[in-house]
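Worksheet: the structure to be examined is printed underneath.
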Amino acid sequence: MTTPLTFKIIGTASGQPRHISRAWIDKVTGKPRAGVRPDDSADDWKNCIRLAVRGRVPAVPIAGPVICHLTFLFHRPQYMHAAKYLPGLIPYTAKPDRDNLDKAVLDTLTELKFWRDDAQVFMGRLGKWYCAKDPAAADGIGRPGCMVTIEPVGDEHVYTAEYLAKRKVVA
């Protein structure tokens with residue numbers, strides 16, 4: 001097993017939306033047409049990801065199984081700066097959905113050739129939180145973005161219960 005790679009993406013996280021399907025009548029030919037176009041609403045977030053990983057992309061894409069932990073941090077609204085709210089992280093239960101956030105990051109890392117296919121990511125924690133009150137908080141938890149840990153796993157570790165228990169995947 002190699003050393004995990006950990007980094008923070010700074011920016012406002014955005015989920016990867018579904019492609020948009022539409023049908024229309026061609027004005028020139030009068031014939032019905034249909035098409036699918038990708039939604040580009042996550043492009044700014046994907047650019048933040050590209051900037052954060054500049055110089056960290058492995059020379060050769062990871063070939064085996066991968067564990068990828070993602071912790072998304074969202075801007076804390078002004079009302080949550082009141083004394084009654086804890087200074088640390090608070091669970092974020094609004095949109096975007098966590099599966100769409102995960103997809104945006106994994107798709108971008110796949111495009112950048114971190115691994116051959118994002119299907120190689122077989123496990124990982126995923127969380128959504130409001131940032132800490134203090135922007136200078138330790139570990140970067142006071143600024144919006146995403147904490148990423150990528151851990152390539154050798155085949156010899158994937159199937160042992162001891163290995164998975166150590167990572168609290170099985171009891």
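The values are calculated or read from the model by the stated rules, or taken from the named source; none is laboratory data. Since the structure is predicted, the reported quantities are computational estimates derived from the model, not experimental observations. We place every Cβ from the backbone using ideal geometry, glycine too, and count neighbours over all the protein chains shown.
Brief remarks follow.
- In segment 104-125, the residues that are surrounded by 15 or more Cβ atoms within 10 Å (Cβ to Cβ) and either without any contact (Cβ under 8 Å) to a residue 60 or more places away in the chain or in a loop (DSSP other than H, G, I, E, B) (or both): 106, 110, 112, 114, 115, 118, 120, 121, 123, 124
- Considering 76, 125, the condition of being farther than 21 Å from residue 3 by Cα and either touching a Cys at 6+ places or on another chain (Cβ under 8 Å) or among the basic types (Lys, Arg) (or both) is satisfied by 76 alone.
- Residue 66, sole failed condition from (1) more than 30 Å from residue 134 (Cα to Cα); (2) in contact with a Ser or Thr (Cβ under 7 Å, 6 or more places away or on another chain): (2)
- For segment 53-103, taking the residues that are surrounded by fewer than 14 Cβ atoms within 10 Å (Cβ to Cβ) and of a type in the set (D, E, K, R), the one that is nearest to the chain's Cα centre (by Cα) is identified as 99.
- Within segment 124-168, restricting attention to residues that are of a type in the set (Val, Ile, Thr) and under 21 Å from residue 103 (Cα atoms), the residue that is modelled with the lowest pLDDT is 153.
- Test: residue 29 is without any contact (Cβ under 8 Å) to a residue 40 or more places away in the chain, loosely packed, with under 15 Cβ neighbours inside 10 Å, within 30 Å of residue 138 (Cα to Cα) and β-branched (Val, Ile, Thr): no
- Of all the listed residues (104, 82), the sole one being more than 21 Å from residue 15 (Cα to Cα) and of a type in the set (A, V, I, L, M, F, W, C) is 82.
- Check on residue 60, of a type in the set (A, V, I, L, M), farther than 28 Å from residue 137 by Cβ and free of Cβ contacts under 8 Å to residues at least 24 places away in the same chain: yes
- Unmet requirement for residue 7, which otherwise passes all of (1) among the aromatic types (Phe, Trp, Tyr); (2) over 25 Å from the mean Cα position of the chain (by Cα); (3) closer than 26 Å to residue 150 by Cα: (2)
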